[in-house]
Amino acid sequence: MKKIVNTEKAPKAIGPYSQAIAANGFLFVSGQIPVNPATGEVASSIKEQTQQSLDNIKAILAAEGKTLADVVKTTIFIKNMNDFALVNEVYGTAFAENPPARSCVEVARLPKDVLVEIEAIALVK
């Protein structure tokens, strides 16, 4: 059985997908781009964009009573691998203890021409 998870505290989906799906003890959070859900704005720096993407993930997790501590896997998509150290700096503060498994890949382009997108899988049981 699956449960659709949505919250107004994260950006609305910009396509035919859900913000997250809870199924079989996991919460699968769709890739979050750095859109501020209150303003619709996107910050210019990679560090600010990384933080906003993480904040959006936190809001979706919170809708299910979960936190970043429940995350077991993330995937980071970045437009420029030269930004890897800056992304890691912000990401490292969010996952300072017991960080999840992770992949990071450079991509040619992301929605709304943002610099970063992050998806996550968390435990819900």
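Some values worked out for this structure:
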| read-out | value |
| --- | --- |
| Residues within segment 24-50 that are touching a residue at least 40 places away in the same chain (Cβ under 8 Å) and part of a helix (DSSP H, G or I), tallied | 4 |
| Failed item, numbered, when A85 is tested on (1) hydrophobic (A, V, I, L, M, F, W, C); (2) touching a residue at least 24 places away in the same chain (Cβ under 8 Å); (3) more than 23 Å from F26 (Cα to Cα) | (2) |
| Any hit, segment 73-95, residues being under 22 Å from A22 (Cα atoms), part of a loop (DSSP other than H, G, I, E, B) and modelled with pLDDT of 95 or more | yes |
| Qualifying position, being β-branched (V, I, T), closer than 17 Å to E119 by Cα and modelled with pLDDT of 95 or more, among I14, I46 | I46 |
| Pairs where the first residue, in segment 66-81, is over 14 Å from A94 (Cβ atoms) and the second is buried (at least 18 other Cβ atoms within 10 Å of the Cβ) and charged (D, E, K, R), C-beta under 6 Å, 6+ apart | T75/E119; F77/E117 |
| Considering residues of segment 100-121 that are surrounded by 11 or more Cβ atoms within 10 Å (Cβ to Cβ) and basic (K, R) only, the residue nearest to V72 (Cα to Cα) | R102 |
| Whichever residue in segment 60-72 is in a helix (DSSP H, G or I) and among the aliphatic types (A, V, I, L, M) and, among such residues, is farthest from R102 (Cα to Cα) | A63 |
| Options I14, I57, I21, I4: the member that is assigned to a helix (DSSP H, G or I) and of a type in the set (A, V, I, L, M, F, W, C) | I57 |
| Test for K79: is it more than 14 Å from E119 (Cα to Cα) and either in contact with a Ser or Thr (Cβ under 8 Å, 6 or more places away or on another chain) or among the charged types (D, E, K, R) (or both) | yes |
| Checking K3 against (1) touching a Gly at 6+ places or on another chain (Cβ under 9 Å); (2) surrounded by fewer than 16 Cβ atoms within 10 Å (Cβ to Cβ); (3) not β-branched (V, I, T), the condition it does not meet | (1) |
| Some residue of segment 55-78 being surrounded by 12 or more Cβ atoms within 10 Å (Cβ to Cβ), farther than 24 Å from L123 by Cβ and under 13 Å from the mean Cα position of the chain (by Cα) | yes |
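The values are calculated or read from the model by the stated rules, or taken from the named source; none is laboratory data. What you see is a predicted model; the values in this text were computed from it and never measured. Neighbour counts run over all protein chains shown; Cβ positions are idealised from the backbone, glycine included.
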